[in-house]
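Okay, structure first, notes after.
The values are calculated or read from the model by the stated rules, or taken from the named source; none is laboratory data. Just so it is clear, the model here is predicted, and its values are computed rather than measured. As a convention, Cβ positions derive from the backbone with ideal geometry for all residues, glycine included, and neighbour counts pool all protein chains shown. These area figures cover heavy atoms from the full protein model, side chains too; ligands, DNA and RNA do not enter into them. Shrake-Rupley method; radii C 1.70, N 1.55, O 1.52, S 1.80 Å.
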Amino acid sequence: MNGLIELEREVISTGRCTSCGACTTFCPRMKKTRALPNAQTIRGLFRGERTRVNCDKCETCYNVCPASPSLDRRLLKEETIGDTIPLFLAGQITDERLHELSHDGGIATAITEYLLSKGERVAVTVEDRRYPLKTLHTTLRAPGEATRAAGTRYGTTPNTLSLREDPACFIGLGCHITAIRRAESKGLIKPPLLIGLFCMRNINYQNLLKLLGKKGVKREDVREIRIEENHVKIKRRGDPDSDLAVSLEEVRDLFRDECRFCPDFTAELADISIGSTGTPDGWSTIIIRTRRGRELIERLVENGAIRTTDTVNRDAIERLAKLKSQESEKPAAPTSPGREPLSP
Ligand code: SF4
Ligand code: SF4
Ligand code: SF4
């Protein structure tokens, strides 16, 4: 039997937990839990005597975890989206104001705003209004709110908890999408439309602040941070000449350790994946993997919300996807001490 104890032993104590939130989201004993900023809190919940006593060893937490070493990704793909041939497009939002606020082509923003305008809910990551650059998961409901989620963000957010608000669309990273597909394969959820964002590696809020401190940049002044193949770009508000490019070597120890195990650059189980690799500045790469995904993109084009072309550098995407997959098979040594194991 694989349950909470195995999850602790194989995932949390070994530093693999991506803080996706799925164990808590789907645990029948934790249905009412809401505030979960990070894995430590999830561990705290598991540690709580009441929770532990009430754990009925249903195995759900283990079965939905995207970081479980026993996960067979090929089988999960077969069981959920099937063996589809992905369609690659370049896309750009047509609304100039939203394009200005978005990074790249603003496709995730266009999808969000389009669905909100149809009265649908969209689960997204936003910036905490009190603390610039700190990320939160939330569900948007009103037209015009897409601007809250526009732009690239890095952080550790248990976005799957937003599923409790029954969104029509969920926008997240590959680890979130994998967890939701695992839940789907177990019959625990009929997933919303899943939009996955390309992700090579991630950084948490505290380390982001360390990086900015090292470079003498105030978080309020940051317009955009982008982790790219060889460096981290920090763009400041106002003056493009003050943008910084910090080499990956210099900041490698600030990245989230759990991402070393992740093979999924393009969120390969999403209905639609979106990223910047493969298209020029001002455009986004769109990978359509399912009929649902294709229908949505067609609707956006028909409504004039986005424009698309088929000019995408697939080699660039496939090279990074292969690199990430290979690195995950032989993960580098952790840069921070592992979390201590929980006592059984
Ligand atoms: S009740 Fe099930 S999902 Fe919840 S902690 Fe126990 S084994 Fe995991
Ligand atoms: S389900 Fe997500 S939050 Fe829970 S242990 Fe696995 S990776 Fe961590
Ligand atoms: S690299 Fe993988 S595990 Fe890390 S945040 Fe991105 S999708 Fe999640």
> Plugging the Kirkwood radius over Cα pairs into Stokes-Einstein for segment 77-181, at a temperature of 10 °C and a viscosity of 1.306 mPa s, what D comes out in µm²/s?
Replying inline: 108 µm²/s
>> Under 23 Å between alpha carbons, and skipping anything fewer than 8 positions from K214 in its own chain: which lysines qualify?
In response: K134, K233, K235
> Given C-alpha coordinates of segment 205-254, what is the ratio Rg to Rh with the Kirkwood estimate of Rh?
Replying inline: 0.93
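Please compute the length gained on full extension between N2 and K118, using 0.36 nm multiplied by the number of residues separating them and subtracting their Cα-Cα distance. Walk me through the intermediate numbers first.
Details: separation 116, 0.36 × 116 = 41.76 nm, distance 4.17 nm.
Residue separation times 0.36 nm, minus the Cα-Cα distance, leaves 37.6 nm.
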> With every protein chain present, what is the per residue accessible area of segment 205-254 (1.4 Å probe, Å²)?
Replying inline: 58 Å²
> In what sequence, largest accessible area first, do Y131, Y114 appear using a 1.4 Å probe?
Replying inline: Y131, Y114
> Ratio of the chain's C-alpha Rg to 2.2 N^0.38 Å, to two decimals?
Replying inline: 0.96
> Hey, with R₀ at 22 Å, roughly what FRET efficiency would K322 and R294 work out to, going by the Cβ-Cβ distance, to 0.05?
Replying inline: 0.30
> For segment 205-254, which whole percent of the accessible surface, found with a 1.4 angstrom probe, sits on carbon and sulfur atoms?
Replying inline: 44 percent
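Give me the dipole magnitude in Debye, nearest 20, for the chain about the Cα centre, with unit charges on the beta carbon: positive for Lys and Arg, negative for Asp and Glu. Don't skip to the answer; put the middle values down first.
Values: 55 positive and 48 negative charges, 238 e Å.
Once rounded to the nearest 20, the dipole reads 1140 debye.
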> From the residues V64, G91, M1, which one has its Cα farthest along the dipole of the chain in the positive direction, the dipole being from +1 and -1 charges on Cβ of Lys/Arg and Asp/Glu about the Cα centre?
Replying inline: M1
> Where the Cα atoms of segment 202-335 are projected onto their three principal axes, how long is each span, largest first, in whole Å?
Replying inline: 47, 41, 23
> Expressed in whole Å with the largest first, what are the equivalent ellipsoid semi-axes of segment 229-298 derived from the C-alpha gyration tensor as the square root of 5 times each eigenvalue?
Replying inline: 29, 20, 8
> Taking a spot 7 Å from the Cα of N230 along the direction of its beta carbon, which residues of segment 237-274 have an amide N less than 17 Å from it?
Replying inline: 244-252
